[in-house]
Each structure stands twice: as C-alpha cells, then as structure tokens.
Amino acid sequence: MLALLAVMLGVVVVSGVAQALHPPSNVETIDPLTLHLGGEFVESNLGTAQEADGSVTVRLIAEQFGFVPNCVTVPEGTLVRFRVTSPDVIHGLILADTNVNTMVVPGFVAEVRTRFGAVGDYTMPCHEFCGVGHQGMWARVTVIPKDQFSAPPLARTRCVPR
Amino acid sequence: MFRANRLALAHYWVAFGLFLPAVVLGAWQMLMRSPLPAPLDDSNLYYASVTLHGTVMAYVLTTFFVMGFGYAVTASSLGRPIRGMRAAWIGFGICLVGTLMAAATIIAGHATVLYTFYPPLLASTWFYGGVFLLVGGSMIWVVLMIVNMSLWKREHPGAPVPLAMFAITATACLWAWTASGVAVELLGVILPAALGMTRQIDAGLARTLFSVTLHAIVYFWLMPAYIAFYALLPQVAGGRLYSDKMARLVFIMFLVFSLPVGMHHLFADPEHGVGFKFLQTVFTFFVVLPTLLTVFTICASLEIAGRARGGRGVFGWIGALPWREPMMLASGLSFLMLGLGGFGGLINMSYAMNSMIHNTSWVTAHFHLIFGGTVVIMYFAIAYEMWPRLTGRPLRSKTLARWQLWLWFWGMLITTIPWHIAGLLGQPRRVANFDYRIPQVARTAALVDVSVVGGVMLLVSAVLLIFILVRSHFAARSEARREPVPAPIPALHYALAVYPPQRVPAALNGFAVWNVVVLVLVVAAYGYPIGQFFFLKPHSAPAYPVTRP
C-alpha cells in the first residue's frame, strides 16, 4: 500500500516537472488600493508585451465583472507568461485545453506560463464566484501565427473584441 | 432511552426537513445553467440559491445529522441514558436559531456570497452570525460526546470503549479541530469587517484559514458513513467485524491526517509557495490510507458474513449477502461511488494535475459523488436502520427504501459523470448561465442536458425519502391496525469483532495523545502559511458588501 502511495506521489512529481504544469506559486504581493496609480498594472501597461528573450508577457486586471483588456493576442509556439491581479474581489481564470488555470486573489499577482500549440480563439471565463455579474465575465485570447505577431518592445497589443 | 430517541429524532428531522428543499434548489440550478428553459430565469436568484443549497447541505444537513447520530450512538452503544440531556437540547436550540438566521438572510438576498464566503465579498452580519451559532452550538455536542465517553471509561476502568462510541468521539474531536479554521476566519477577519470595525479584508489570509476547515469538514461528513460500515454493516450482513483494533486505528488516522491537508484546495492560489503546497500534497496522500484499510477490513468482514450465509467460491459469498436490506444495498452502492469519486480525488490532490480541473465542473462532480453519493446515501441507510428503533414503528417499507436508494445512485451517476467530462472540457463552476453559442461552451451543452435528467432522478429520490420517513414515523399506527400482531422490533445491535477485544492499549482507547499529534501537524503544515500574512507588504482589499439587487 505504501508502494502504491509512493508510485502516485512519483506521478505527481514527474507530471509537475516534466509536463511543466506550474500552478501560480510566486507569492508576490501588490497593494490593491494603489495598483491603478502606477507600476506594472497601470492601464497603459496592460495587454501583451514582447520580452527581450523572445517570450511574451500578458498583463491583465480581473475586476467585477470583466477582464482588462478583455481580448489579447499572443503568438503561437512561444512562451507566454500571464500576470494577473485584482483590485476588488477574488476572481479566477481558465483557458480550456491548456494548462492555464489560476485564482486571482486581490493583494497578490498570479503568474502562470504556457505555450499555445495551435492558432485560434480561446475563451477565458472567470471561474470563481465574484458577485452577481459573475456569469458575464468572459474574455478572449487569440493565438496567431508567430510570424504575424509583432509588438514593438514598448507597445502593448490588444485585439478588438468581436 | 426514550428521551434520547426524541433528541436524536429532532436532529434527524431538521437535517432531512431542510435537505428536501435544498435538493429542489439544486435541481432548479441544474435547469438554469443548462440550454433548456428554466422557470424564474434570474442570475441573482441563482447565486442566492447556490448559497442556500451549499449552506444547507454542507453545514445544516451534516451537522444536525451527525449530532443526532452521535446521541443515538451514545445511548445505544453505552446502553444507558445520555449524560447532559439539558445541555444537548440547548445546543439543538442554538443550532436551530443559527440555521434559521442564516437561511432567512440568504432568502432575503443579503448573503449571496456562497457557503464558502469569498471575502472581500461581504454579506449581512446576520448570515455570519447564524453560521457562527450553528457551529458554536454544535460544540456543546462535541463536549457531550467527550464527557459521555470519559464518564463511561471512569466507571469501567480498563475496559475498551465500545467501537461505535470511540468512533463518534473521534468525530467530535475532528469537528472541533475542523471548525477552528472557519471560526478564526469569522472572528478574526470577516465579522470585524461586517460590523464596520475594519474596512479592509486580507483575502489571502481568509482563504487560508478557511482551507483549514474546507477539507477536514469532508471527513466530519464522512464519519457516520464509516461508523456504519464498521459498527452496523457487518451485523446487518450477518457476520462479524474483521478487526476491532484496525477500526480504531482507522478512526485515529482520520483524526490525525484530515487537518494538515486543506491547502490542496489552494493549489491554484498565488499566495502560497510551492513548498507548503507540496508538503500538504504528501499529507493528503496519507488520508488515502484509512480509506484503503477500510475497503480491506469491510470486504473481509462481508466475506465472513457471506460465507456464514452459505456463499461458496471466490465470488459466491457476494451473492449470498442480504442485498434486500437497505443498509447492505446502500453500503454496496456507496462503495461503488467511493471508488469512482476516489480516483477523481487523487487527481484533485495532485499539485500539478489539479491545474487541468481546478474550479471546473469536475470539482463539483467530484464532491457531489463523494459527499452527495457515498456519504449521503449512508445517511439514508442509517436513518432506515434507526427509524424503527427510534420511533418504535416498523419501516414502511423496505421495498420503497430500495427504490429510493437505487434512484439516488443512478441519479448521482447520471448527474456527475457528464459534469466530470464537462469539467475536463473547461466548463467553469458556479456560473448562473452560459452562452452556448460560444464554440468552446457549445461542446458541453449535451452533457449539461443529460445531467439535468440525473437531477430530476435525485429530486424524485429525495421526495421518496421524506415520504418513507414520514409514513414510518407518523402513519404507522393506522397501518399497524391491519396487522393484528405487529412484529417486534429488535434493538439496535452493533457488530461484534471476530476477536472482541478484552483490553486495548490506552492509545487505542482515547484521544489525548492523538490531539497533541494533530496540534503538532497543524502547526507544522499551517504555521508558516498563516504566519506569513503578518509579515507580507500591505495587500488587503476593501470589503465589498453584497446588497439586495
């Protein structure tokens, strides 16, 4: 029986390390009262940013009852880092068919990483009860071919929601 | 004994009386979130309904059922009146007042925060106060269980405490530890904000405190089912319990391993690092041990019973078991659901795999299968087993009871299997209605439709349960008139072990040392994760009162 448990624990470790399933465990605090005034989550810095190493970072605000921005564009086959926080209550987000699944807790920045294998539209609902408008909190992530993605180093790309 | 019967029945009736409307709400919620048309199509009502459904099922049904079961077990297993009847009725009254306060506040629309609270969302103080009274009142029950066991031990020095009493006292200790998390959350974080003493709420701290309660409470719900497996089922099956000491060890393991594991509900949370998440993953794996031991012990006990009844061959003893008895049938169905739900649980508790299903319908499916299925079907079986003993009237009827149990089983499977699949397809939970025109949502539509059928079956089963209990309790006299000589109702007998223990070590006859072990484990598992919030930079958010829309 102990061997059985050891095997199961082994599966957890291997799947975590080898399949790059990284839940957000970064423990970064942020003051929800002042995050809109300056720093990383000021409105002009939200959206998809190109990093020097070729990866991209998507910064989002989850708030009652929508994501800001509510549509982002990312390149296919590239390391994508989502950094999300909330100025009000607890939210969450999930991208079906990927490993992106995180809670968004006010006071903390949640960071999750993924690599999209296919071009297309992904719907991104809030998956934690955040109030009476919770059911309307859906955003979209559009994955485009790598060669069509271009964000100047200082600009932030968003897409027009359809 | 008559007074203890009334006490137990009062608790059972509150539990099942509120259970039925909560099932009605559940069935309506399933219709709401499906592509099918629903009456009263309103998302505000939906979330209030989820709050009431969750509060009644998770706090009211369970707490009242376990308390009633505890009183019935105390009187019947110790074979003497309960000490502290007055305190027991006072506790019942406090819990009932708390329940009504919380329910009225939810119905009035002032507490739409779901049963898990989700601060910084802030409900009316009356809701939290009600929950606090319900939990607080149940602590009188905890004390009474411990006192009754201790007094019996003092009067029978050296004798092993009857297994059922030992197990229900383990349940009482577990509940006291379990409730500590939500009690500290309410007193330390939520009530100060609800009363206007503070304006901000530390959401991370509140979630972490609630996680202390959130998993251990599942074992508090589960314990009556396990007590029935060990103390009632072998007797009903006509055999003996394979090992008394193994049973004691299992209940001790539940007490010890239930607490330091709650963080597996926070795997997708950003306020905790990988170290403590992994530590609690490991602890969570240990909780599998008592369940595996139970599967072994109960199967061995049933094999003894089956062979004593003339069953032959490798599997022949299974057919020889008395499947027409509700307790036997419910235990079999419960084990099947435990098997299915248990494998799902292994995925939830795995730090990495949890990412695939966290907060999706998979999780809803999992706890409905484990709690609504495995556990609650045993609540039904316990009620059927105890009703004749408590009311003095026969159960009417076992055939109806079997129908009710089968309906519940199939209803639960038809509800939860589609939910599991929808969860894997990324369907988020706790959403009032979906836009099924979105391609990624559209693929779950048929699954949700199928689950509605299961919901209707569960509703029919719940109505049938209440019908059977009411008919057996109140209408039995007129029925009995038709039978000139009603059959005598045998007293409730607990299963004997193959080798009934004459003496057991002190560690298997009490909980003093085990409570110390729990304390050490809780401090090790939660000391830093809770303590860190007092050293992190300012991160509290303003409270968001939910008001009637």
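The values are calculated or read from the model by the stated rules, or taken from the named source; none is laboratory data. Worth saying up front: this structure is predicted, and the values here are computed from it rather than measured. Note that each Cβ is placed from the backbone with ideal geometry, even for glycine, and that neighbours are counted across all protein chains shown.
Here are the numbers for the structure shown:
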{"item": "Selection from the range B:503-549 of residues that are closer than 24 Å to B:Thr213 by Cα and of a type in the set (Ser, Thr, Tyr)", "result": "B:Tyr526, B:Tyr528, B:Ser540, B:Tyr544"}
{"item": "Hits in the range B:520-549 - residues which are assigned to a loop (DSSP other than H, G, I, E, B) and either within 31 Å of the chain's Cα centre (by Cα) or not hydroxyl-bearing (Ser, Thr, Tyr) (or both)", "result": "B:Phe535, B:Leu536, B:Lys537, B:Pro538, B:His539, B:Ala543, B:Val546, B:Thr547, B:Arg548, B:Pro549"}
{"item": "Qualifying positions in the range B:36-51 - touching a residue at least 24 places away in the same chain (Cβ under 8 Å), more than 16 Å from B:His368 (Cβ to Cβ) and either surrounded by 16 or more Cβ atoms within 10 Å (Cβ to Cβ) or facing chain A (nearest Cβ under 9 Å) (or both)", "result": "B:Ser43, B:Asn44, B:Tyr46, B:Tyr47, B:Ala48, B:Thr51"}
{"item": "Qualifying position, being surrounded by fewer than 21 Cβ atoms within 10 Å (Cβ to Cβ) and assigned to a helix (DSSP H, G or I), among B:Gly54, B:Gly68", "result": "B:Gly54"}
{"item": "Residue match in the range B:234-257 (condition: more than 18 Å from the chain's Cα centre (by Cα), among the basic types (Lys, Arg) and at pLDDT below 95)", "result": "yes"}
{"item": "Residue match in the range B:322-333 (condition: over 24 Å from the mean Cα position of the chain (by Cα) and either in a helix (DSSP H, G or I) or touching a residue at least 12 places away in the same chain (Cβ under 8 Å) (or both))", "result": "yes"}
{"item": "Given (1) in a helix (DSSP H, G or I); (2) under 14 Å from B:Pro120 (Cβ atoms); (3) hydroxyl-bearing (Ser, Thr, Tyr), number of the condition B:Thr171 does not satisfy", "result": "(2)"}
{"item": "Subset of the range B:339-353 that is touching a His at 6+ places or on another chain (Cβ under 7 Å) and in a helix (DSSP H, G or I) - its residue that is surrounded by the most Cβ atoms within 10 Å (Cβ to Cβ)", "result": "B:Gly341"}
{"item": "Hey, A:Ser44 modelled with pLDDT under 90, within 28 Å of A:Gln148 (Cβ to Cβ) and either away from chain B (no Cβ under 14 Å) or part of a helix (DSSP H, G or I) (or both) or not", "result": "yes"}
{"item": "Residues of the range B:267-285 that turn out to be surrounded by fewer than 24 Cβ atoms within 10 Å (Cβ to Cβ), in contact (Cβ under 8 Å) with a residue 24 or more places away in the chain and either outside any helix (DSSP H, G or I) or of a type in the set (Phe, Trp, Tyr) (or both), as a count", "result": "4"}
{"item": "Out of A:Leu33, A:Leu37, sole residue that is surrounded by fewer than 20 Cβ atoms within 10 Å (Cβ to Cβ), under 30 Å from B:Pro545 (Cβ atoms) and facing chain B (nearest Cβ under 8 Å)", "result": "A:Leu33"}
{"item": "Candidate set from the range B:194-227 (those that are within 20 Å of B:His110 (Cα to Cα) and surrounded by fewer than 24 Cβ atoms within 10 Å (Cβ to Cβ)); member that is nearest to the other protein chains (Cβ to nearest Cβ)", "result": "B:Gln200"}
{"item": "Every residue from the range A:68-87 that is more than 11 Å from the chain's Cα centre (by Cα) and assigned to a strand (DSSP E or B)", "result": "A:Val68, A:Cys71, A:Thr73, A:Val74, A:Pro75, A:Leu79"}
{"item": "Selected residue (only one of B:Leu407, B:Leu400, B:Leu390 is under 24 Å from B:Leu25 (Cβ atoms) and outside any loop (DSSP other than H, G, I, E, B))", "result": "B:Leu407"}
{"item": "Options B:Phe296, B:Phe278; residue that is within 14 Å of chain A (Cβ to nearest Cβ) and under 30 Å from A:Ile94 (Cβ atoms)", "result": "B:Phe278"}
{"item": "Residue within the range A:5-27 that is part of a strand (DSSP E or B) and either facing another protein chain (nearest Cβ under 8 Å) or touching a residue at least 60 places away in the same chain (Cβ under 8 Å) (or both) present", "result": "no"}
{"item": "Among the residues listed as B:Ala446, B:Ala432, the single one being over 22 Å from the mean Cα position of the chain (by Cα), surrounded by fewer than 22 Cβ atoms within 10 Å (Cβ to Cβ) and not hydroxyl-bearing (Ser, Thr, Tyr)", "result": "B:Ala446"}
{"item": "Filtered residues of the range B:470-512 (kept if of a type in the set (S, T, N, Q), farther than 17 Å from B:Ala159 by Cβ and at pLDDT 70 or above)", "result": "B:Ser472"}
{"item": "Which numbered condition B:Cys299 fails, given (1) surrounded by fewer than 18 Cβ atoms within 10 Å (Cβ to Cβ); (2) out of contact with any Phe, Trp or Tyr (no Cβ under 9 Å at 6 or more places or on another chain); (3) modelled with pLDDT of 90 or more", "result": "(2)"}
{"item": "Among (1) within 24 Å of B:Leu424 (Cα to Cα); (2) surrounded by fewer than 23 Cβ atoms within 10 Å (Cβ to Cβ); (3) more than 11 Å from every other protein chain (Cβ to nearest Cβ) - the single one A:Gln135 does not satisfy", "result": "(3)"}
{"item": "Any chance B:Phe132 is touching a residue at least 40 places away in the same chain (Cβ under 8 Å) and under 30 Å from B:Tyr499 (Cα atoms)", "result": "no"}
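For every residue, the table says whether it meets (1) facing another protein chain (nearest Cβ under 9 Å); (2) touching a strand residue (DSSP E or B) at 6+ places or on another chain (Cβ under 7 Å); (3) over 21 Å from B:Pro270 (Cα atoms); (4) not hydroxyl-bearing (Ser, Thr, Tyr).
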| residue | (1), (2), (3), (4) |
| --- | --- |
| A:Asp53 | no, no, yes, yes |
| A:Val58 | no, yes, no, yes |
| A:Gln64 | yes, no, no, yes |
| A:Val68 | no, yes, no, yes |
| A:Val74 | no, yes, yes, yes |
| A:Arg113 | no, yes, no, yes |
| A:Phe116 | no, yes, yes, yes |
